[in-house]
Amino acid sequence: MGEEHNRPEAPQAAEPYIWPGGFVYKEAAISSWTARKLARKHPVLTLLHVKELPADVAASLVTSYEDTFLTFPELETLDAEAARNLSKRRGYLRLWGLKSLLPEVAAGLGSHEGQTLELSGVTQVSPEAARSLAGGKRSALWLGLKALSVDRKSTRLNSSHEWISRMPSS
């Protein structure tokens, strides 16, 4: 089972991560039952070594509380159904480990209703994925973009860790 720590050791990365305090679950796998229990008990939750997130576990992590943080430093894969389930979670959603986004995963995450969606490991997105991410009711989106394809002729927008902020919709 996980242990409580304020700041786990940050993964090796070009940019340092800001770790939230709270509960750190250190196992590589998590069941739906454990996910539900932890999500309800800990408003600040880091699933430190979880690399894959099945859709049923993602659904178990959904809470209606806004002042929450859910952080995945090592998440490598996320399918469209799991993304749709996670998008229902309020608060801050940090999927730092994801390096790329398929358009269908971006579409699932695009409807995220929480405060902030952080995808700091994603360095490139397709125009289709970018359009999907631009939707949603969140107040901010954080990507680790180095390039954004604008059209098929490979025109690029260069940036580094861009914040895309939007006023809350009324």
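The values are calculated or read from the model by the stated rules, or taken from the named source; none is laboratory data. As the structure is a computational prediction, the values presented were derived from the model and not from experiment. Cβ placement follows ideal geometry from the backbone for every residue including glycine, while neighbour counts extend to all protein chains displayed. The accessibility values were calculated without ligands, DNA or RNA, using every heavy atom of the protein model including side chains. Shrake-Rupley method; radii C 1.70, N 1.55, O 1.52, S 1.80 Å.
On inspection, Ser64 does not qualify as touching a helix residue (DSSP H, G or I) at 6+ places or on another chain (Cβ under 6 Å) and either modelled with pLDDT under 95 or over 20 Å from Thr116 (Cβ atoms) (or both).
Listed conditions (1) at pLDDT 60 or above; (2) over 18 Å from the mean Cα position of the chain (by Cα) are all met by Arg7, apart from (1).
Every residue, every condition in (1) farther than 19 Å from Gly136 by Cα; (2) of a type in the set (Lys, Arg); (3) at pLDDT below 90, yes or no:
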{"site": "Lys26", "(1), (2), (3)": "yes, yes, no"}
{"site": "Leu38", "(1), (2), (3)": "yes, no, no"}
{"site": "Leu70", "(1), (2), (3)": "no, no, no"}
{"site": "Glu76", "(1), (2), (3)": "yes, no, no"}
{"site": "Gly91", "(1), (2), (3)": "no, no, yes"}
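Residues in segment 41-78 that are in contact with a strand residue (DSSP E or B) (Cβ under 9 Å, 6 or more places away or on another chain), under 19 Å from Glu104 (Cα atoms) and buried (at least 16 other Cβ atoms within 10 Å of the Cβ): Leu53, Leu75, Leu78.
The residue of segment 116-168 that is modelled with the lowest pLDDT, among those that are open to solvent by less than 40 Å² (accessible area, probe 1.4 Å) and charged (D, E, K, R), is Arg138.
Among Gly110, Gly97, which is closer than 24 Å to Gly135 by Cβ, surrounded by 17 or more Cβ atoms within 10 Å (Cβ to Cβ) and in contact with a Phe, Trp or Tyr (Cβ under 6 Å, 6 or more places away or on another chain)?
Matching residue, one of Gly110, Gly97: Gly97.
Looking only at segment 101-118, residues that are touching a helix residue (DSSP H, G or I) at 6+ places or on another chain (Cβ under 8 Å) and of a type in the set (Asp, Glu) come to 1 in all.
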